[in-house]
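The next block holds one structure in the form of structure tokens; read it before the comments.
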Amino acid sequence: MTQQGAVLQGYNNELVKCIEDLCMQKEELNKQIQQAEEEKNKLQHEIQVLSEQLEYVCENLAQKVASRNELDKILAETEAAYMKILDSSRSLLNVLKKEVGSLKHSPDLKTN
């Protein structure tokens, strides 16, 4: 019977050792889970911050694009108006030259 008790004691010792190993594995796994959760929370926070920054940049970009489009419109209108002024100035100059030319040929303006 003592031999059976010794065998039983050996089984018991192995069982206790296995339980202790499992407990150590569980503790290690808990540490890894905690680290992973901390990393996950950190990344989620960074994502939130980056999302807010992206939203701000997108809004700012949209405002700048709208401003540029408005400036393009103003510039096109200004250039068109300037071209009309140039055309009018050229027309006025041509008319003035024609009038001055006809005045030179007028007998009333000829001097002796």
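Things to note:
- Toward the positive end of the charge dipole of the chain, with +1 on the Cβ of Lys and Arg and -1 on the Cβ of Asp and Glu, the farthest Cα among 83, 93, 33 is that of 93.
- Surface composition of the chain: carbon and sulfur atoms hold 60% of the protein heavy-atom accessible area at a 1.4 Å probe.
- Theoretical FRET efficiency, 1/(1+(r/R0)^6), r = Cβ-Cβ of residue 48 and residue 21, R0 35 Å, to 0.05: 0.30
- Where the chain is the region considered: accessible area per residue in Å², 1.4 Å probe: 96
- Dipole orientation for the chain: of the candidates 6, 54, 71, 71 has the Cα lying most toward the positive pole (charges on Cβ; Lys, Arg +1; Asp, Glu -1).
- Only Lys, Arg, Asp and Glu carry charge here, each on its Cβ (+1 for the first two, -1 for the last two); on that basis the chain has a dipole of about 1400 debye about its Cα centre.
- Solvent accessible area, Å² - residue 93, 1.4 Å probe, full protein context: 90
- Rounded to 10°, Cα long-axis angle of helix 2-104 versus longest principal axis of the chain: 0
The values are calculated or read from the model by the stated rules, or taken from the named source; none is laboratory data. Not measured: the values here are computed from a predicted model. Every residue, glycine among them, receives a Cβ derived from its backbone with ideal geometry; neighbour counts consider all protein chains shown. Ligands, DNA and RNA are stripped out before the accessible areas are found, and what is left, the full protein with its side chains, is counted by its heavy atoms. Shrake-Rupley method; radii C 1.70, N 1.55, O 1.52, S 1.80 Å.
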